[in-house]
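*Asks:* Structure provided below as structure tokens; questions to follow.
The values are calculated or read from the model by the stated rules, or taken from the named source; none is laboratory data. Every value quoted in this text rests on a predicted model; they were computed, and no experiment measured them. As a convention, Cβ positions derive from the backbone with ideal geometry for all residues, glycine included, and neighbour counts pool all protein chains shown. With ligands, DNA and RNA removed, areas are computed over all heavy atoms of the protein, side chains included. Shrake-Rupley method; radii C 1.70, N 1.55, O 1.52, S 1.80 Å.
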Amino acid sequence: MRKGFTVMLIGTMIMALLAGCGGKEGSTGNDHATKPGSVAASNKLAFSISFSTGGNTYIESSPDINKDKWVLKLEEMTNTDLDIRLMSHKEFDQKMSLMFAGNDIPDVVGNMRGGPTTGSMSGSVEAGVFMPLDDLLKEHAPNLMNMVTPAAWEETSYDGKIYGIPAWLENPSRRATFIRTDLMAKAGIKEAPRTVEQYLDMLRAFKQLGVEHPFQYREGFKYADTFLGAYDVLPFQFMEMDGEVVPKFFNVENMTKALETYKTLYDEA
């Protein structure tokens, strides 16, 4: 089992979890522990789950994530009673190690950094902490089994058995550029730009409308896919050059064009 996919390892209560999601009406979650100080309704499935905050400021600033309006809405929509245990993104590995060392393991363990092959979880599957999911997935999640590729399932398997649900993406790119169509209408632009020059002309038109910052992205060119992608020099993609595999930004000609485009944006800001 390699580290290529985000892993969601399911604990010993997964059988009731999956059965509760796809079982018959009127099933109960009485075999599950409820939140501390609370009692789950007889027809709700109660289970605990831990995962990293991912550095999300909204989550990390929440005084009690279990009382968050979105969590409560999720519980309402899924007929569940969640006991969410957050781990600081910066201290995730340390917190995971302490959790396993103290044997205070929730029903569902979310590991964004690789799963049982990581130091904090090494040996957990072999020790029987988690149960295989093959039969449960086939019975309660056949569509998921068919949608996710065999290679992805292999990433979350050990000794021929599935122990985790991979965060697999059918579309390899999750990023997109959003353009305000109301500004396009005001500028008299009828179609979204298809070339870099059309894009720059659109931004210039937005500038003339009084938009102070018509284009934004993170500092350090993080998520600056719009033009890096246009010139095929995305830093997380690779190519072969002179018999070696190198990042695509090694294409000096195209990388120069991309940087010149961003310099144009900076100069005309």
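*Asks:* Expected output is a single nm value to one decimal: the length gained when fully extending between R218 and A192, i.e. 0.36 nm times separation in residues minus the C-alpha distance. What is it? Don't skip to the answer; put the middle values down first.
*Replies:* On the way: separation 26, 0.36 × 26 = 9.36 nm, distance 2.25 nm.
Full extension from R218 to A192 adds 7.1 nm.
*Asks:* Mind giving me the nanometre distance, one decimal, between the label points for F236 and A151, set 7 Å out from Cα along Cα→Cβ?
*Replies:* 1.7
*Asks:* I'd like the accessible area for S48, computed on protein heavy atoms only with a 1.4 Å probe and all protein chains in place. Round to 10 Å², please.
*Replies:* 10
*Asks:* I've got another one for you. Where does each of M131, M147, M77 land when they are ordered by accessible area, with a 1.4 Å probe and the largest first?
*Replies:* Details: M131 50, M147 100, M77 145 Å².
Final ranking, largest accessible area leading: M77, M147, M131.
*Asks:* Can I ask one more? Lysine pairs in segment 118-269 8 or more apart or on different chains: how many have alpha carbons under 21 angstrom apart?
*Replies:* Close lysine pairs under the 21 Å cut-off: 9.
*Asks:* Can you send over the carbon and sulfur percentage of the accessible area for segment 165-210, probe radius 1.4 Å, protein chains only?
*Replies:* Numbers: 1800 of 3620 Å².
Heavy-atom surface of segment 165-210 belonging to carbon and sulfur, 1.4 Å probe: 50 percent.
*Asks:* Shifting gears a bit: Quick one: ranking K190, K73 by accessible area, 1.4 Å probe, largest first, what do you get?
*Replies:* Numbers: K190 195, K73 90 Å².
The ranking, largest first, comes out as K190, K73.
*Asks:* Can you work out the FRET efficiency for the pair D182 and Y262, with r the C-beta to C-beta distance and R0 = 25 Å, to the nearest 0.05? Kindly include the intermediate steps, with their values, before the conclusion.
*Replies:* Working: r = 26 Å, r/R0 = 1.02.
That gives a FRET efficiency of 0.45.
*Asks:* Leaving ligands, DNA and RNA out of it, work out the accessible area of E191 with a 1.4 Å probe and give it in Å² to the nearest 10.
*Replies:* 130
*Asks:* Mark the label point 7 Å from the Cα of R204 along Cα→Cβ and return the residues of segment 239-269 whose backbone N is within less than 20 Å of it.
*Replies:* In segment 239-269, the label zone of R204 (backbone N under 20 Å from the point 7 Å along Cα→Cβ) covers 257-269.
*Asks:* Now a separate question. Could you pull the accessible area for L265 with a 1.4 Å probe, rounded to 10 Å²?
*Replies:* Result for L265: roughly 40 Å² accessible.
*Asks:* Net charge near R204, counting Lys/Arg +1 and Asp/Glu -1 over other residues with Cβ under 13 Å of its Cβ? Please list the in-between numbers first.
*Replies:* Working: positive: K207; negative: E197, D201, D267, E268.
Net of charged neighbours comes to -3.
*Asks:* Sort 175-182, 154-161, 208-215 for me by packing, meaning the mean count of neighbouring Cβ atoms within 10 Å per residue, highest on top.
*Replies:* Details: 175-182: 9.9, 154-161: 16.5, 208-215: 12.2.
Highest-to-lowest ranking by the protection proxy: 154-161, 208-215, 175-182.
*Asks:* Still on this model: Given a 1.4 Å probe and heavy atoms of the protein chains only, how would you sort L133, L86, largest accessible area at the top?
*Replies:* Numbers: L133 0, L86 60 Å².
From most exposed to least exposed: L86, L133.
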